[in-house]
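Trainee: Sharing a structure below in structure tokens format, with a few things to ask.
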Amino acid sequence: MQYSLGIDAGGTYTDAVIVRDSDRKIVDSNKALTTYPQTITGIENAIDGLDPVYLKDVKLVSVSTTLATNTVLEGTGAPVALILVGEHGVERELPTKHVLFAEGGHDHNGEETVPLNIEAIQEFAQRVKGDVAAFAVSSHFSIRNPEHELRVKESLEHLTGLPVVCGHELSQDIGAYERAVTAFLNAQLIPIANHFIESIIEDIKKRGVEARMLMLKCDGSVVGIKAALEKPIESIFSGPAASLVGASYLSGLDTCFVIDVGGTSTDVSYISEGIPELTNSGAIVGGWQTRVRAIRMETSAMGGDSHVWTRDEKVFVGPRRVVPLCLASVKYPGFLEKLKYNIIRSRKLMDENVQSTKFFVRTGYEPIDLNKYEEQVLSVIDDEPLSFNDICTRLNRTPYPLVLDTLIRKRLVQAIGFTPTDALHVLGEYTQWDVEAAIAGAEKLARLSHMGKSEFCDLVKEKVANNMAFDLMSFILPGIPEEGVQKIVSGKFATKFKVDIPVVLLGGPVKAYASELGKFIDAKVVVPEFADVGNAAGALFGKGINRMEILIKPASLISPDEDFLVFSPLGRESFETHAQALEYARNTGRELVLEHMLECGLRADHVEINIKEKSVVPEGWTHAPMETKLIITGVGSPRLDA
């Protein structure tokens, strides 16, 4: 009997599932807390909780992770030098101080406009190679002719021995600035991705498991480990992609909306006939617009571990994530007593960080670029939870409010507080951790809001369900003013939204929100078995999907029936007739897509390749098309019985 292992390293939890290949059924699963800064520890803990009898017969491992996303968001990637070749017209901010604008580039037909100044590039590389870990290269119209990018790559790899990433390797879309940013972020992630993937491979081998390894991309498809190492940028947002694929697999629905309630956020996405819906533009991460194709999603900063706090008798949920009180009580001996006796000296002081239910602990991250106020506050926080009062006592003064915010944002301090997870513990709907700590926190906050603890927790639960409904309808109705959507969702009018497509819920305690969601929208809500580890299942059941575009254009509109240019990932080719160009484009597209699918471990007879052709023929035009775009898509499922 053979099995497959799926792993998802999320922002709060790391999930693992084992699937029996013969009938594709989940036979074992486990959750562990995600560990920072070394996420591999959380993965090891998740695998440790699985039955070793199944593990020894695992033949396929597939992983999804937030590592790439977090690295970009936190600015902790490797230093990279960016080389821009040709007239990029870049007036926007660039993500690095190591930048060179070099002569070179091509026009829209792939013709060289200016010779490449390789000497200037080599001189720049020699000057900065000791300060960077990789190079990124983006040349003007490299999607029409990548010759200059490839020459730079060959030269710098030989000269410096460092990785070099080309923009055309990651995207065939127009947008020199976005391709440059994409190439930079990919180069920044390569050393980190190498360490992460090698750590997983080492752990799997250490357990005596001989298995093929895949990684999930942010468009819901899977790639072989070699491709994942070359293009780690494509794993950005693979967590939401995993939830989408996992929800479809667990529910048996090829078409559905998915609401994934994680510890940090709520994500909404859509899958149609087994294919995830993608964004028209590339993914935006950390404020940078990329050309990475990702699933379209609606995200809000409200999840199971969002901070619930009060001020002026109002109840707020989020946006910051905290460790739930019920979990902290298990993790830190004596915490329950601290919680029970913690008070706030004055209600006037109360804000998000000054709460009778909020505490702070030091993390394992190394401090960088702190001012003296941040250093002072950090110096008094250690591995045991401290209240705001404790910090004031140790400092012998009240710290500036923004200092704690900054330390939390820099991940140097982890906050503990009341959460929706605690509320569910109080209501008896999810009791994985210490119920007594959750009750103690609820009583404190409820008293400040002039409610009973159960009434308070019902309100928190309602707020989370309302947010789920609002996110779903905002996703379904893009362009509609959010205020109007929120009014209808919240019942301000004598109507509610009706959703004809099933809505699948994923996340640890989502079953508790299914009926509550029905108060706000009329929809068939599905909570599948193993919903708590749906992302790990999604990592395993992502399809091998490869999309590619090839463009055909006349070399000149003066003689539109004579010479034709074909632009593909292989570069530019010329043909005498449109028919010859079309035949080459079809054959090349099929070959490249199939080659990619085989690298993912699929068999050729398990891959379906579809080609769509779109031609631009103006009214009254009697010649060959002014432009023909071929969209080649290969779809297949990795062989779980391989």
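The values are calculated or read from the model by the stated rules, or taken from the named source; none is laboratory data. Computed from a predicted structure; not experimentally measured. Reconstructed Cβ throughout: ideal geometry from the backbone, glycine too, with neighbour counts over all protein chains shown. The area values use the complete protein model at the heavy-atom level, side chains included, leaving out ligands, DNA and RNA. Shrake-Rupley method; radii C 1.70, N 1.55, O 1.52, S 1.80 Å.
Trainee: Say whether the condition of being of a type in the set (Ser, Thr, Tyr), in a helix (DSSP H, G or I) and within 20 Å of Val308 (Cβ to Cβ) is met by at least one residue in region 421-429.
Mentor: Checking region 421-429: at least one residue is of a type in the set (Ser, Thr, Tyr), in a helix (DSSP H, G or I) and within 20 Å of Val308 (Cβ to Cβ).
Trainee: Turning to a different aspect of this structure: For Ile40, indicate whether it is in a helix (DSSP H, G or I), among the aliphatic types (A, V, I, L, M), under 19 Å from Gly239 (Cα atoms) and modelled with pLDDT of 85 or more.
Mentor: yes
Trainee: Is it true that some residue in region 283-296 is surrounded by fewer than 14 Cβ atoms within 10 Å (Cβ to Cβ) and modelled with pLDDT of 80 or more?
Mentor: no
Trainee: State which residue is farthest from Val63 (Cα to Cα) when the search covers only region 236-258 and only residues that are surrounded by 23 or more Cβ atoms within 10 Å (Cβ to Cβ) and among the polar types (S, T, N, Q).
Mentor: Among those residues, the one meeting the criterion is Ser248.
Trainee: Out of all the residues in region 373-410, which are at pLDDT below 90 and charged (D, E, K, R)?
Mentor: Hits for region 373-410 are Arg397, Asp405, Arg409, Lys410.
Trainee: Can you tell me which of Lys612, Lys553 is open to solvent by less than 70 Å² (accessible area, probe 1.4 Å) and among the basic types (Lys, Arg)?
Mentor: Lys553
Trainee: Then there's this: Tell me, which residue of region 331-381 that is open to solvent by less than 60 Å² (accessible area, probe 1.4 Å) and among the charged types (D, E, K, R) is nearest to Gly318 (Cα to Cα)?
Mentor: Glu352
Trainee: Return the total of residues in region 10-35 being open to solvent by 50 Å² or more (accessible area, probe 1.4 Å) and either within 15 Å of Ser199 (Cα to Cα) or basic (Lys, Arg) (or both).
Mentor: Within region 10-35, residues that are open to solvent by 50 Å² or more (accessible area, probe 1.4 Å) and either within 15 Å of Ser199 (Cα to Cα) or basic (Lys, Arg) (or both) number 4.
Trainee: Let me ask something additional. Return the pair list, or none, for Cβ contacts closer than 8 Å from residues in region 584-597 that are free of Cβ contacts under 8 Å to residues at least 24 places away in the same chain to residues that are not in a helix (DSSP H, G or I), at least 6 apart or on different chains.
Mentor: From region 584-597, the pairs are Tyr584/Val566; Tyr584/Glu573; Tyr584/Phe575.
Trainee: Say we look at region 164-192 and pick out the residues that are in a helix (DSSP H, G or I) and among the small types (Gly, Ala, Ser); which of these is farthest from Lys226 (Cα to Cα)?
Mentor: Ala176
Trainee: For Phe257, which of the numbered conditions (1) under 14 Å from the mean Cα position of the chain (by Cα); (2) at pLDDT 75 or above fails to hold?
Mentor: Failing condition for Phe257: (1).
Trainee: Can you find even one residue in region 489-504 that is in a helix (DSSP H, G or I), over 17 Å from Gly303 (Cα atoms), open to solvent by 10 Å² or more (accessible area, probe 1.4 Å) and in contact (Cβ under 8 Å) with a residue 12 or more places away in the chain?
Mentor: No - not one qualifying residue is present in region 489-504.
Trainee: Would you mind stating whether Pro560 is touching a Pro at 6+ places or on another chain (Cβ under 6 Å), open to solvent by less than 70 Å² (accessible area, probe 1.4 Å) and part of a loop (DSSP other than H, G, I, E, B)?
Mentor: yes
Trainee: I've got another one for you. Check region 576-595 and report whether any residue there is open to solvent by less than 50 Å² (accessible area, probe 1.4 Å) and not in a helix (DSSP H, G or I).
Mentor: The answer is no; no qualifying residue exists.
Trainee: Kindly provide the set of residues from region 301-330 that are in a loop (DSSP other than H, G, I, E, B), surrounded by 24 or more Cβ atoms within 10 Å (Cβ to Cβ) and free of Cβ contacts under 8 Å to residues at least 60 places away in the same chain, ordered by number.
Mentor: None; the set is empty.
Trainee: Still on this structure, please answer the following. If you go through region 38-53, how many residues are open to solvent by 60 Å² or more (accessible area, probe 1.4 Å) and not hydrophobic (A, V, I, L, M, F, W, C)?
Mentor: Qualifying residue count, region 38-53: 4.
Trainee: Do we have Ile121 as buried (at least 16 other Cβ atoms within 10 Å of the Cβ), within 30 Å of Ser281 (Cα to Cα) and hydrophobic (A, V, I, L, M, F, W, C) here?
Mentor: Judged against the criteria, Ile121 is not a match.
Trainee: Checking the structure you have, find out if any residue of region 130-150 is surrounded by fewer than 23 Cβ atoms within 10 Å (Cβ to Cβ), assigned to a helix (DSSP H, G or I) and not small (Gly, Ala, Ser).
Mentor: Looking for residues that are surrounded by fewer than 23 Cβ atoms within 10 Å (Cβ to Cβ), assigned to a helix (DSSP H, G or I) and not small (Gly, Ala, Ser), one finds at least one in region 130-150, hence yes.
Trainee: Mind checking which pairs have a first residue in region 382-402 that is open to solvent by 90 Å² or more (accessible area, probe 1.4 Å) and a second that is outside any helix (DSSP H, G or I) and not acidic (Asp, Glu), Cβ under 8 Å, 6 or more apart or different chains?
Mentor: Asp383/Val361; Asp383/Arg362; Arg394/Leu386
Trainee: Related question: Being surrounded by fewer than 20 Cβ atoms within 10 Å (Cβ to Cβ), in contact with a Lys or Arg (Cβ under 8 Å, 6 or more places away or on another chain) and not small (Gly, Ala, Ser) is the requirement here; does Asp405 meet it?
Mentor: Taking the combined requirement at face value, the residue does not satisfy it.
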